[in-house]
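Structure record follows, encoded as C-alpha cells.
Throughout, read-outs are computed from the coordinates displayed, never taken from laboratory work. Here the structure is a predicted model, which is why all the values come from computation and not from measurement. Every residue, glycine among them, receives a Cβ derived from its backbone with ideal geometry; neighbour counts consider all protein chains shown.
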Amino acid sequence: MTVPTDPPARRRPVLRPVEVVRIEDPGPRLRRVTFGGSNLQGFGPARPGAHIKLFFAEMPADWRPEPGQPRPPARTYTPRSFDAARNELVVEFVRHGAGMASDWAENAQLGDRITVAGPGGGHDFEPGLRRLVILADESALPAAGMIIDAVPADCHVTLVAEVVDAADQILPSQRLVDSMHWLHRLPTNAQPGSLLLDAARSIQIDDSAQWWVACEAVAMRAIKAHLTGERGLDRNRLISRGYWKQGATDHPDHDTGE
C-alpha cells in the first residue's frame with residue numbers, strides 16, 4: 001500500500017525590507033531607484049538576467065507562498081546592479097502609466113520602504129561565447145545590461161532595442177557593444193515587439209551565436225517561431241522571455257514561450 005505524503009513545502013523566500021536611498025531619472029520614461037539597508041547583506045550575486053520580487057505590502061518575516069492562498073501584491077523586476085560593499089541594490093522602472101509598480105515608482109520618496117525577495121533565475125553563458133545577439137524592448141533592457149556586463153570581453157555583442165522614441169535611447173550598459181540599433185515605435189505607431197520581429201528577419205543566422213530575446217509575450221513567440229521554425233536556429237542557441245503581455249496584468253515572469 002502506498003502511503004500518501006504531503007507535497008514538499010515551498011522554499012521560504014528570503015524577505016529583505018529595504019528603503020529608498022536614491023532616485024534618478026535617466027530619461028522621461030525611466031526611473032532608477034536605489035535601495036539600501038543592512039538587510040541586503042548576503043544578497044546575490046545575481047546571475048545575468050536574474051529577477052527579484054518586489055512586495056508592495058507589509059510582509060511578516062516568516063511568510064512563504066502556500067498553494068491556493070492569496071499572495072501579497074508583488075511584481076517581478078531585474079536587479080540591475082548590486083554593490084555589496086555599500087549594501088545597495090539598483091532597480092529600474094519603466095514609467096508606462098497606471099499600474100501598481102509604476103505608480104509606486106512614480107511617487108517614491110527617499111526613505112520609503114519596500115520588501116525584496118530573490119534573486120532567482122538568470123542564465124549562464126558559455127565562457128568561450130564569441131557572438132551574442134540581443135533583441136529587447138524597454139522592459140528587458142535592464143536585464144540586457146546585466147547580460148552585456150557578464151559575457152566575455154571578446155564576445156561580439158549585437159543589441160537591437162525597441163523603445164517609444166529617441167528620448168528612451170539610454171544605453172543599458174557602460175560597456176560599448178559592437179553593433180547597436182535603436183527602433184522607435186512612436187513614428188509609425190508600431191505594435192510592441194513588431195519592430196523587433198522585422199529586425200529578426202534581417203539578421204544573419206550564425207551557428208556560433210547565442211540569442212537572447214525578451215519583450216512583449218506575443219511578439220516574443222512570433223520572433224521565436226521565426227528564428228527556430230523559418231530560419232532554422234538551434235533552439236539551444238535561443239533564450240526567450242515574455243516580460244509582459246499587452247492587455248494583461250502581472251504576466252508570469254516564467255513565460256519562456258513554450
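Where in the chain is the longest stretch that carries no trypsin sites (Lys or Arg not before Pro) classed as loop by DSSP and with at most 11 other Cβ atoms within 10 Å? The longest such stretch corresponds to 87-258. Once the mean of 1/r is taken over each pair of separate Cα atoms and inverted, the range 85-151 shows a Kirkwood hydrodynamic radius of 14.9 Å.
Only helices enter this figure: runs of n ≥ 4 DSSP H residues, each worth -39500 (n - 2.57), summed and divided by the residues of the chain, yield -4000 deg cm²/dmol at 222 nm to the nearest 500. Across the range 1-139, Cα-Cα distances exceeding 23 Å account for 43% of all pairs. Taking the DSSP bridge list for the chain and keeping only pairs wholly inside it, about 55 percent are antiparallel.
Taken over the Cα atoms of the chain, the convex hull encloses 170 Å³ per residue.
For the chain, modelled as a GNM with alpha-carbon contacts under 10 angstrom, which of Asp83, Asp154, Asp168 fluctuates the most? Result: Asp154 has the largest fluctuation of those listed. For the range 131-244, with equal point scatterers placed on the C-alpha atoms only and solvent neglected, what are the log10 I(q)/I(0) values from the Debye formula at q = 0.09, 0.18, 0.22 1/Å, to two decimals? For the range 131-244 at q = 0.09, 0.18, 0.22 Å⁻¹, log10 I(q)/I(0) is -0.20, -0.86, -1.29.
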